[in-house]
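For reference, the structure discussed in these notes is given below.
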Amino acid sequence: MRKAFLLTLLGFIMAVFASTSCENNPPANGRTDTETSGEVTIATDESLHPIIQELIDDFEFKYPKAKINLLDTTENRGFELIRDMKTCLFFTTRPLKDSEVAYLKTKNQLPESFPIGYDALSFIINPNNPDSCITVNDIKRILNGDITKWSEAYPGSKLGNFDVVFDNKESATLHYVVDSILDGKPINNPNVTAAKTSAEVIEYVHNTPNAIGVIGSNWLNDKNDTTNLTFINKIRVMSVTTRETATPQNSWKPYAGYLLDGRYPFARTLYAIVVDPPRKLPYSFANYITKPVGQKIILRSGLLPYRGDIVINYVNVKK
């Protein structure tokens with residue numbers, strides 16, 4: 001009896017020791033994160049930085065043991081990081097292509113891509129520029145190089161040539177313009193340049209009277225305004241219309257409500273690209289964004305959440 005007891009006790013001690021040893025040794029892939037703890041680095045197309053960083057801040061506040069580092073990059077580079085399995089999570093404005101899914105499966109990975117919300121492709125001008133309404137057709141003509149001077153779209157303008165600036169030549173912003181506005185045709189305006197970041201676009205437009213900046217709307221909200229109805233005052237946000245002539249009455253700014261009802265024509269879907277089969281911290285964070293709390297943060301930031309019932313109330317204001 002005593003011998004059996006000693007053998008049982010010895011077995012129990014060895015099991016505890018083995019369990020402790022496994023916990024102290026990191027897994028073979030080097031990852032020690034869980035669903036709500038640990039440290040990982042994820043990537044985003046730079047044009048989406050403000051909203052993704054805000055979501056990270058909220059997630060880390062709720063889960064203090066989690067640390068998520070955000071790497072700003074281009075859309076092209078972000079998909080390379082996913083393909084080479086150098087990150088498990090990437091945010092951009094298109095889902096994985098069938099060919100990209102097939103490639104990852106050859107590496108025994110299980111990729112997922114799902115929408116998290118919408119922002120808008122926005123056009124910004126110098127705050128002193130009075131010509132703030134523009135048609136979709138004129139935007140196409142400017143980007144195609146069919147018109148190169150402000151006076152060709154706005155008779156009487158003395159601003160000279162359009163000076164069009166993007167955030168980056170490999171960004172999701174530029175790809176959206178080519179794919180969704182120009183129907184796959186290249187940008188031919190000789191006065192189009194690319195900065196390196198969205199912040200540089202804002203600064204350039206602020207200092208350049210004849211500039212038009214092309215930028216994601218999540219960079220533009222005034223964080224001091226909880227109604228999300230004002231934009232940063234360094235620039236002026238253009239109102240866009242699908243009509244033949246743009247007027248203040250038929251043109252719309254990139255507010256979430258106008259993305260929802262379709263009046264603003266350049267809404268783009270934001271996607272989480274996840275390659276995290278263990279479903280640890282990267283997957284947990286991406287999934288968190290799709291839940292009500294994450295979707296509320298997106299709405300609070302002036303963007304349009306992907307999930308949830310949103311009701312627009314129209315109010316007639318009488319002077």
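About the centre of its Cα atoms, the chain shows a dipole size close to 680 debye [charges on the beta carbon of Lys, Arg (+1) and Asp, Glu (-1) only; nearest 20 debye]. Rounded to the nearest 20, the Cβ-based charge dipole of segment 156-254 about its Cα centre (Lys and Arg +1, Asp and Glu -1) stands at 200 debye. Modelled label positions at residue 107 and residue 60, each set 7 Å beyond Cα in the direction of Cβ, lie 2.6 nm from each other.
Considering the values [x] 19.8; [y] 19.1; [z] 21.9, which represents Kirkwood radius over Cα pairs in Å as calculated for the structure under consideration? For Kirkwood radius over Cα pairs in Å, the calculated option is [z]. Its Cα gyration tensor gives segment 62-174 an equivalent ellipsoid. The semi-axes, each the square root of 5 times an eigenvalue, are 40, 18, 12 Å from largest down. The lysine pair count for segment 211-306, using Cα distances under 24 Å and pairs eight or more places apart or on different chains, is 8. Of all DSSP beta bridges confined to the chain, the antiparallel ones make up roughly 55%.
Considering only 193, 215, 142, the residue lying farthest towards the positive end of the dipole of the chain is 215, judged by Cα position with unit charges set on Cβ.
Report summary: the helix-based calculation at 222 nm, which adds -39500 (n - 2.57) for every DSSP H run with n ≥ 4 and divides by the residues of the chain, gives -9500 deg cm²/dmol.
One decimal place: the segment residue 208-residue 67 gains 46.9 nm when fully extended, by the rule 0.36 nm per residue minus the C-alpha distance.
Scaling the Cα radius of gyration of segment 158-270 by the globular reference 2.2 N^0.38 Å produces a ratio of 1.08. Tally the DSSP beta bridges in segment 117-251 and give the antiparallel ones as a percent, rounded to 5. So the antiparallel bridges in segment 117-251 amount to around 50 percent. For the chain, the longest principal axis of the C-alpha atoms and the axis of helix 198-207 are separated by about 20°. Counting only alpha carbon atoms, the long axis of helix 281-290 and the longest principal axis of the chain meet at about 50°. Here's the picture: charge each Lys and Arg Cβ at +1 and each Asp and Glu Cβ at -1 in the chain, and of 106, 278, 238 the one pushed furthest to the positive end of that dipole is 278.
Read the figures in this text as sums done on the coordinates, not as results from a lab. As the structure is a computational prediction, the values presented were derived from the model and not from experiment. We place every Cβ from the backbone using ideal geometry, glycine too, and count neighbours over all the protein chains shown.
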